[in-house]
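Here's the structure, in structure tokens; my notes come after.
The values are calculated or read from the model by the stated rules, or taken from the named source; none is laboratory data. Quick caveat: nothing in here was measured; it's all calculated off a predicted structure.
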Amino acid sequence: MAGGWARDGAVSEQIEASISDELARMQVQKRPVGESLTHCAECEEPIPEKRRTALPGVKLCLECQQERDGAHKMRGGINRRGSKDSQLR
């Protein structure tokens with residue numbers, strides 16, 4: 001498919017690059033740094049040694065981390081098309 005001045009497949013490459021960049025940013029952002037705590041920062045329960053060695057810098061026990069991960073709210077997507085139906089939501 002012709003895309004103006006862009007070569008064939010340039011749009012797909014740009015989309016794939018954007019997705020790859022976002023995934024890399026999310027992985028770096030979630031990675032804890034520093035020394036692991038021996039007890040959870042929220043509930044004060046001991047953090048298992050296996051978890052501390054697997055994730056250096058971990059601050060929460062597994063239960064508190066699962067609660068925090070489940071608490072994320074869904075956000076709306078970007079309206080790229082500008083269609084009236086998507087704007088009315």
**Q.** Filter result (at pLDDT 90 or above and part of a loop (DSSP other than H, G, I, E, B)) within segment 43-57
**A.** 43, 44, 45, 47, 48
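Regarding segment 73-87, can at least one residue be identified that is at pLDDT 85 or above and of a type outside the set (D, E, K, R)?
no
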